[in-house]
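Reading through the structure tokens given below for one structure.
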Amino acid sequence: MKKIIFTLLTTLVVHAVSAQSLLNKVKSTAESTQNSTNGILAASAKDIMAKLGPTLALSAIQKPKVLEAVSSFATQKAQILPLLNTDKAAYASKLTGLQNTLFPKLKSILTVAQYSKFLGLKPKAPSATDALSALFF
């Protein structure tokens, strides 16, 4: 009887340790993914600015304001990005909300002609090679 109880307790301890180890690995992977995503989106903000600056002929006053708006958008988008794999409808809804904040902010920074040109830069489809795709998809 003692052997059965001992074996049962040992098995439970082993499973608990394994489960904790698995949870730690998942947490570590999630943190790594989040850090990687933040880095990618920060790079994307710079890539976006590299494209918007010359294309829209942004002034020295406009550049930091547009960079701040784009960086803020990228940070917020990083927080909802995991939904893209788990709940596409929620992702689309939240992305639309973020865009409804970004676009009016850009509209207030840019001239009418610049904003119109900005909207014309929207890619036809999501693209990993087009930095502006991150703003629209």
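The values are calculated or read from the model by the stated rules, or taken from the named source; none is laboratory data. Just so you know, these numbers come straight off a predicted model, no measurement behind them. So basically every Cβ, Gly included, is an ideal-geometry build from the backbone, and we count neighbours across all protein chains shown. Side chains included, ligands, DNA and RNA excluded: accessible areas come from the protein's heavy atoms. Shrake-Rupley method; radii C 1.70, N 1.55, O 1.52, S 1.80 Å.
What number of residues within the stretch 82-137 are of a type in the set (D, E, K, R) and over 27 Å from Ile61 (Cβ atoms)? Break it down into steps so the answer makes sense when it comes.
So in the stretch 82-137, the residues of a type in the set (D, E, K, R) come out as 87-88, 94, 105, 107, 117, 122, 124, 130.
Okay, now just the ones that are also over 27 Å from Ile61 (Cβ atoms), so 87-88, 94, 124.
Here the count works out to 4.
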Item to complete: Report yes if Lys94 is part of a helix (DSSP H, G or I) and either free of Cβ contacts under 8 Å to residues at least 12 places away in the same chain or farther than 21 Å from Pro54 by Cβ (or both), otherwise no.
Response: yes
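In the stretch 97-123, which residues are part of a loop (DSSP other than H, G, I, E, B), open to solvent by less than 50 Å² (accessible area, probe 1.4 Å) and over 28 Å from Pro82 (Cβ atoms)? Before you say what the answer is, go through the steps one by one.
We begin by selecting, within the stretch 97-123, every residue part of a loop (DSSP other than H, G, I, E, B); these are 110-111, 121-123.
The next check asks that each one be open to solvent by less than 50 Å² (accessible area, probe 1.4 Å); those that pass are 110, 121, 123.
Scanning the stretch 97-123 gives a single hit, Leu110.
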_Regarding the stretch 69-82, can at least one residue be identified that is in contact with a Leu (Cβ under 6 Å, 6 or more places away or on another chain) and exposed (fewer than 15 other Cβ atoms within 10 Å of the Cβ)?_
no
Pro126 passes all but one of the listed conditions (1) at pLDDT 90 or above; (2) assigned to a loop (DSSP other than H, G, I, E, B); the exception is number (1)
Apart from one, (1) in contact with a Lys or Arg (Cβ under 9 Å, 6 or more places away or on another chain); (2) outside any helix (DSSP H, G or I) all hold for Ala60; the odd one out is (1)
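Being in contact with a Ser or Thr (Cβ under 7 Å, 6 or more places away or on another chain) and under 24 Å from Ser108 (Cβ atoms) is the filter here, so list the residues in the stretch 79-96 that pass it.
Residues of the stretch 79-96 that are in contact with a Ser or Thr (Cβ under 7 Å, 6 or more places away or on another chain), as a first pass: 81.
Across the stretch 79-96, there are no qualifying residues.
Restricting to the stretch 78-124, count the residues that are within 18 Å of the chain's Cα centre (by Cα) and not polar (S, T, N, Q).
Here the count works out to 18.
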